[in-house]
Amino acid sequence: MNFLEELKLSFESRSRPEIVVDDERLSVSDNEDALWFSGRDWQEISRLDWETHKDAFYTLSPEAFAYFLPSIFKITLEDPGKYFELADIFIGILDRMPIPAYWDDFLLTRMVRFTAKECALMSYWLLDVASLCDAYDSSSINRAFDTMQLLEREVSIQRPLSS
């Protein structure tokens with residue numbers, strides 16, 4: 001089974017989120033990009049969709065973030081070797097100290113929603129992206145990989161990350 005098939009299989013149990021906006025207090029214009037994703041299937045999201053609505057990455061609800069994130073992995077692997085800003089942003093979000101107590105709410109509220117299997121798949125994606133495109137900073141990818149390994153371990157034993 002190739003990575004894209006594994007990706008679809010791993011994330012197929014996730015339902016489309018009913019709530020896509022993370023913070024109702026934001027203005028309509030701030031939420032506009034996230035609202036565009038309402039009712040859409042993550043497998044149908046394209047590079048152009050993300051590039052046109054990239055602010056959604058920060059304003060999607062944690063559930064919507066978990067649902068749509070696999071589309072970023074899919075896009076990078078459909079066009080290997082081509083830089084994708086949202087992939088770089090995700091790598092940057094994972095580029096953390098290996099101490100969950102220092103992680104921000106954005107990371108904690110989103111990444112705890114993934115299963116150990118999904119975390120393992122993301123770790124594999126990081127290695128794959130590093131080998132396919134040299135536009136991503138290797139040090140950042142290494143730290144992001146370490147973060148994913150920690151997340152996978154913590155999620156698999158169901159320990160709260162903030163402790």
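The values are calculated or read from the model by the stated rules, or taken from the named source; none is laboratory data. Because the structure is a prediction, the values reported are computed rather than measured. Counting neighbours? That spans all protein chains shown, and the Cβs are built from the backbone with ideal geometry, glycine included.
Observations on the structure shown:
- Enumeration of residues in the range 74-85 that are more than 18 Å from Glu6 (Cβ to Cβ) and touching an Asp or Glu at 6+ places or on another chain (Cβ under 8 Å): Glu85
- Residue list for the range 29-42, restricted to those being surrounded by 13 or more Cβ atoms within 10 Å (Cβ to Cβ), over 14 Å from Ile19 (Cα atoms) and at pLDDT below 95: Asp30
- Phe68 meets all of the listed conditions (1) free of Cβ contacts under 8 Å to residues at least 24 places away in the same chain; (2) closer than 21 Å to Phe145 by Cα but one, namely (1).
- The range 79-94 residues that are without any contact (Cβ under 8 Å) to a residue 60 or more places away in the chain, paired with ones that are surrounded by 14 or more Cβ atoms within 10 Å (Cβ to Cβ) and among the polar types (S, T, N, Q) (beta carbon under 6 Å, 6 or more apart): Phe84/Thr76; Ala87/Thr76; Ile91/Ser140; Leu94/Thr147
- Inclusion of Ile93 among residues that are of a type in the set (A, V, I, L, M, F, W, C), out of contact with any strand residue (DSSP E or B) (no Cβ under 7 Å at 6 or more places or on another chain), within 27 Å of Ile19 (Cα to Cα) and surrounded by 19 or more Cβ atoms within 10 Å (Cβ to Cβ) is not warranted.
- Residue identified as under 23 Å from Ile19 (Cβ atoms), modelled with pLDDT under 90 and of a type outside the set (Asp, Glu) among Leu108, Leu69, Leu86: Leu108
- Looking across the range 129-151, just one residue is surrounded by 15 or more Cβ atoms within 10 Å (Cβ to Cβ), at pLDDT below 90 and of a type in the set (D, E, K, R), and that is Asp137.
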